[in-house]
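Rule-based calculations on the coordinates, nothing more; no lab input. Everything numeric in this text was worked out from a predicted model, so none of it was measured. When we count neighbours, we look across all protein chains shown, and the Cβ atoms used for this are built from the backbone with ideal geometry, even at glycine.
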Amino acid sequence: MQQAPLMEAWFIILVSAFVCVVVRAIFSRQTKTINTPPGPLHIPIVTSILWLLKSFSQLEPILRTLHAKFGPIVTIRIGSQRAIFIADRTLAHRALVQNGSLFSDRPKALAASKIVTSNQHNISSASYGATWRVLRRNLTSEMLHHSRAKSFSGIRNWVLHTLLAHLKSDSLSNDSVRVIDHFQYAMFSLLVFMCFGERLDEGKVREIERVQRQLLIGFNRFNILNFWPKVTRVLLRKRWEELLRFRKEQEDVMLPFIRARQQKQKQGKEEGVVSYVDTLLDLHLPEEKRKLNEGEIVTLCNEFLNGGTDTTSTALQWIMANLVKYRHVQERLVDEIREVLGEREEREVKEEELQKLGYLKCVILEGLRRHPPGHFVLPHAVTEDVIFNDYLVPKNGTVNFMVAEMGWDPKVWEDPMAFKPERFMNDESFDITGSKEIKMMPFGAGRRICPGYNLALLHLEYFVANLVWNFEWKVPDGGDVDLSEKQEFTVVMKNALHVHLSPRI
Ligand code: HEM
């Protein structure tokens, strides 16, 4: 008689135990903390300071070791912030292209950056939202659209002839010509014209170049101001003053040109080209329901000039350095141009002829793969906490993509450190935007991809073709081409390229 209740009791105990185990398993699964990607040991304050003292170029070899140890996605902790680094091209594609709506934000600007970005009112630093969309659409459809880009072909031709003349006169008086200053000046003349719509004399272009470069190259020095701004404003007062002075100088130099365009608009004068400033004067910010103020226009001109000059002249120098080092590549390029131009006397490759030069395109692509001007894209951020590849990518961190590592991946590129333009010959439809697959990403990929990539490719093709068509580029007697790198705003040649130039007859 007593066995039935006993069995009942056992049954209830067993069922309850089973339910407990199941509930606990489900519960523990749900509450299992998802970690950020792995990374090196974090010792509060100590390791943060060590990381902060390192530049991106010093970080790169350390990150390579960390990736070998922890896998393709690692985290570095700096204070309470997490910086995530992705070295793998497939993961980059999954983040930037397949999950573009989540991975296209930018980190909140820190104190010093707020000053030079007018509190994130430019394309590259704006949060992923309406302001960014309007600014970016203005640049792409009003300035970089094919027909608008074509309207500047006359100025490209003028800049090319000035560059050739400078190189010629320099080569007459010097056996060895340092070319980077000529390249930078040429790119500045071009972008300054597109920006302000005026052909300025050399003195004015040089003045703009000076104020731009002092902020660009000096900016690393101001990074320290971002940490504990309240303290650094007292302890590093001189450096804060220097930053504000650089910014003020930039405004003083640019505002007269901006106001001149504004005046022209008011007077209804519509002669000449449409400049970047003209498009900015017309723009409305949808979120703030107002036009851009003068400081914001200066900031956007600054971005336009930096985006299009330093990157392109750096790439141009790397490509020409390889053409000097590997003479057979230079000669093959010249042969291709000769074939397309025929017996024509005039020593100019016209823009319309560039599309017939297949090998030239391969040389440019190989230059950008082997020597991407930026070894990282600009830091990205996620719009919300995201689980990615089984890890947590937190909203308040940064997500960084290792451009150079991807272009040098031996699983994709045979003998990746060699300069071999031929590798692109059998891949005519190679897609540099990485929309279907990322093999290299010198311009980034996805929604934040560089909007100027077509213009940059046009400039590189046009100048490289004409430089080798006009001069034979050789190593000066007793010299060599040293391909060592140095981090400035972009990754530049540590020892600037010096060449011996002889005119091609
Ligand atoms: C060889 C030349 C160039 C290279 C290698 C280059 C590379 C890049 C890279 C890597 C990014 C960051 C992409 C990302 O964060 O995911 C970028 C962004 C940008 N670039 Fe370029 N760029 C070049 C030329 C230009 C030119 C000619 C312009 C304009 C005239 C330009 C304007 C910009 C702007 C506005 C952004 C910010 C895009 C955004 O955040 O939405 N760049 N570029």
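Summarised in one figure, the compactness ratio Rg/Rh of the chain, Cα atoms and Kirkwood Rh, is 1.07.
Taking every DSSP helix (H) stretch of at least 4 residues in the chain, weighting each as -39,500 (n - 2.57) and dividing the sum by the residue count yields a mean residue ellipticity at 222 nm of -17000 deg cm²/dmol. Working note: Cα atoms of the range 179-272, range along each principal axis, descending, whole Å: 52, 39, 18. Peptides 312-319, 121-128, 196-203 ranked from most to least packed by the mean count of surrounding Cβ atoms within 10 Å: 312-319, 121-128, 196-203.
Among beta bridges from DSSP that stay inside the chain, the antiparallel ones total about 85%.
Measuring against 18 Å, Cα to Cα, the residue pairs LYS266/LYS289; LYS289/LYS395; LYS150/LYS204; LYS150/LYS439; LYS325/LYS494 contain LYS266/LYS289; LYS289/LYS395; LYS150/LYS204; LYS150/LYS439 as the ones spanning a longer distance. As I understand it, the value is the acute angle between the Cα axis of helix 327-341 and the longest principal axis of the Cα atoms of the chain; what does it come to in degrees, rounded to 10? The answer is roughly 70 degrees.
With the highest mean first, a sort of the peptides 442-452, 175-185, 234-244, 339-349 on other beta-carbon atoms found within 10 angstrom per residue produces 442-452, 175-185, 234-244, 339-349. One Cα centroid belongs to the range 322-363, the other to the range 133-153; the line between them spans 28 Å. Helix 180-196 and the longest principal axis of the Cα set of the chain meet at an angle near 80°.
Taking a ≥ b ≥ c as the square roots of the eigenvalues of the Cα gyration tensor, the range 432-505 is classed as oblate, since a/c reaches at least 1.5 and a/b does not exceed b/c. Simple spin-label estimate for LEU53 and ARG206 gives 4.0 nm between the two label positions (7 Å along the Cα-to-Cβ direction from each Cα). Taking the average, over residues, of other Cβ atoms within 10 Å as the packing measure, peptides 466-472, 422-428, 398-404 rank 398-404, 466-472, 422-428 from highest down.
If R₀ is 30 angstrom, what is the calculated FRET efficiency for the pair ASN157 and ALA260, using the beta carbon separation as r and rounding to 0.05?
Numbers: r = 24 Å, r/R0 = 0.81.
Once rounded, the FRET efficiency stands at 0.80.
The 3J(HN,Hα) values that the Karplus relation (6.51, -1.76, 1.60; θ = phi - 60°) gives for the range 35-43 are, in residue order, 8, 5, x, x, x, x, 3, 10, 10 Hz. Gly and Pro appear as x. For the range 12-503, what relative contact order do you get, as a whole percent, if you take Cα pairs closer than 8 Å and at least 6 residues apart? Relative contact order of the range 12-503: 23 percent.
Taking Cβ atoms as reference points and 11 Å as the exclusive limit, the residues near GLU472 contribute a net charge of +2, counting Lys and Arg as +1 and Asp and Glu as -1. Dipole of the chain computed with +1 at Lys/Arg Cβ and -1 at Asp/Glu Cβ about the Cα centre; of ALA404, VAL253, TRP158, farthest Cα towards the positive end is VAL253. In order along the range 210-219, the Karplus-derived 3J(HN,Hα) couplings, from 6.51 cos²θ - 1.76 cosθ + 1.60 at θ = phi - 60°, round to 5, 5, 5, 5, 5, 6, 5, 6, x, 4 Hz, and Gly and Pro are given as x. For the chain, the longest principal axis of the alpha carbon atoms and the long axis of helix 56-70 meet at an angle near 40°. Summarising the label geometry, the points placed 7 Å from Cα in the beta-carbon direction at VAL134 and GLU339 lie 5.1 nm from one another.
To the nearest Å, what is the center-to-center distance of the range 486-505 and the range 418-469, using C-alpha atoms only? So the two Cα centres are separated by 20 Å.
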